[in-house]
Amino acid sequence: EARKSFVSQIKKLSDIERETSICINRCVDLGRTSLFIAAEDDSLISHSSVPLPVDAFLERLDDLSMGYCSHYNSACRSSRENFLESIEKYLYVKKGFRRSTANNQAEPRALDLHSVLTHRSGSAVMLSLIHSEILKMLRLWGLLDFDVEIFFPHDPHGLPRAYDKQKSKESDQPHIMTVQMLLEEILRNLKDAFWPFQSGAADSLFLRAANAANCIDKFNGFEDSGYRLASTKDAQRRLDWGVWTSVHFGDMRRALSACERLILLRTDPKEMRDYSILLYHCGLYEQALKFLKLYQDMKSSSAQNPSTDPVSNLEEDAVKKLIVRLNLIAMEEGWTRPWYVRNYLGNNSEP
């Protein structure tokens with residue numbers, strides 16, 4: 001149900017809407033959409049038939065905007081800057097919302113809207129969403145009558161801040177968060193946090209998983225320490241035994257869900273490639289090959305120039321090796337799935 005609700009929201013996204021700032025009133029309710037993402041992930045780990053109370057957390061989000069009205073006074077209207085500064089003080093001082101520390105950026109609690117509303121600590125993208133939702137409500141009530149943008153920080157410690165769009169500078173342009181960018185950032189943060197192969201010499205999630213599948217030649221410059229090799233083997237061993245969730249070592253089910261939602265959102269074709277490597281590790285070989293071929297078809301139709309980036313070349317080499325392997329598996333085993341996949345997809349109550 002949470003996935004269906006997420007899809008019903010993103011279906012409303014037109015090409016123009018995708019590139020619209022999050023501070024502008026829109027067809028897609030970003031707060032509700034974010035809570036549907038959290039509701040799906042919650043259902044994967046809670047073992048409960050009771051769904052996340054999305055409407056209750058939406059009320060809490062509206063209460064934040066209502067609470068500003070009692071904080072608001074005529075002095076706030078002396079200038080636009082004072083008005084926006086009063087909203088920041090209300091959110092970050094009076095209500096105590098803060099950005100998660102750099103060491104805690106990948107903590108799931110900082111990446112789900114309902115947890116951020118509860119604990120008042122979250123990622124930059126979640127604080128940007130909350131800030132923009134307050135501004136949206138103030139605009140509906142007539143308290144905000146000028147164009148505002150949210151300055152999204154790209155550093156590890158900065159807070160999202162509102163500014164008068166009329167006084168924006170060209171240097172502010174890379175910091176403007178659009179609807180598409182916000183949804184992608186939410187899902188990519190979750191994908192990074194839950195990726196089952198957390199350790200590796202590469203920043204590329206795909207290469208870490210490809211390395212665990214032995215689809216990378218070590219002499220091509222991709223070297224691993226003993227600790228990283230041991231971590232990779234341990235991750236694969238957990239998956240072999242059907243343990244799909246492990247503290248600080250990712251969560252296969254939620255990583256798969258994040259990839260699926262990014263594909264539905266129509267983002268980078270590489271999301272299909274990343275999804276396929278996870279399917280491979282789950283023993284779902286036929287589906288893995290299907291998405292790898294879709295990735296290659298989309299890549300070839302985009303008419304991009306060949307990349308000279310060594311990481312991209314390593315990734316494409318790993319894709320080719322994986323396709324060859326999957327074709328061999330198809331010929332030898334007829335897509336027979338290993339026993340642990342059947343066990344997991346059955347009535348397994350363990351995380």
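The values are calculated or read from the model by the stated rules, or taken from the named source; none is laboratory data. A quick note: this is a predicted structure, and the numbers were derived from the prediction, not measured. Every residue, glycine among them, receives a Cβ derived from its backbone with ideal geometry; neighbour counts consider all protein chains shown. When the accessible area is computed, the model is the full protein with side chains, heavy atoms only, and any ligands, DNA or RNA have been set aside. Shrake-Rupley method; radii C 1.70, N 1.55, O 1.52, S 1.80 Å.
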**Fill in**
Scanning segment 1-24 for residues that are over 18 Å from the mean Cα position of the chain (by Cα) and buried (at least 17 other Cβ atoms within 10 Å of the Cβ) gives Thr20, Ser21, Cys23
**Asked** Quick one: in segment 8-37, which of the residues that are among the aliphatic types (A, V, I, L, M) and at pLDDT 95 or above is farthest from Leu127 (Cα to Cα)?
**Response** Ile37
**Prompt:** All but one of (1) buried (at least 17 other Cβ atoms within 10 Å of the Cβ); (2) modelled with pLDDT under 90; (3) of a type outside the set (A, V, I, L, M) hold for Arg161; which doesn't?
**Reply:** (2)
**Fill in**
Scanning segment 111-148 residue by residue, those farther than 24 Å from Ile37 by Cβ and either part of a loop (DSSP other than H, G, I, E, B) or open to solvent by less than 40 Å² (accessible area, probe 1.4 Å) (or both) turn out to be Leu138, Trp141, Gly142, Leu143, Leu144, Asp145, Phe146, Asp147, Val148
**Request:** Name the residue, out of Ser257, Ser231, that is over 25 Å from Lys320 (Cβ atoms), modelled with pLDDT under 90 and in a helix (DSSP H, G or I).
**Result:** Ser231
**Prompt:** Can you name the residue in segment 25-43 that is open to solvent by 50 Å² or more (accessible area, probe 1.4 Å) and either more than 15 Å from Leu183 (Cβ to Cβ) or in contact (Cβ under 8 Å) with a residue 24 or more places away in the chain (or both) and, of all such residues, is nearest to the chain's Cα centre (by Cα)?
**Reply:** Arg32
**Asked** at pLDDT below 90, surrounded by fewer than 20 Cβ atoms within 10 Å (Cβ to Cβ), among the basic types (Lys, Arg) and at negative phi - does that describe any residue in segment 181-189?
**Response** no
**Prompt:** Pick from Leu144, Leu117, Leu111: which is of a type in the set (A, V, I, L, M) and touching a strand residue (DSSP E or B) at 6+ places or on another chain (Cβ under 9 Å)?
**Reply:** Leu111
**Request:** Would you tally the residues in segment 260-312 being assigned to a helix (DSSP H, G or I), in contact with a helix residue (DSSP H, G or I) (Cβ under 9 Å, 6 or more places away or on another chain) and within 26 Å of Ile186 (Cβ to Cβ)?
**Result:** 26
**Request:** Considering only segment 255-272, state which residues are more than 23 Å from Arg18 (Cα to Cα) and open to solvent by less than 10 Å² (accessible area, probe 1.4 Å).
**Result:** Ala255
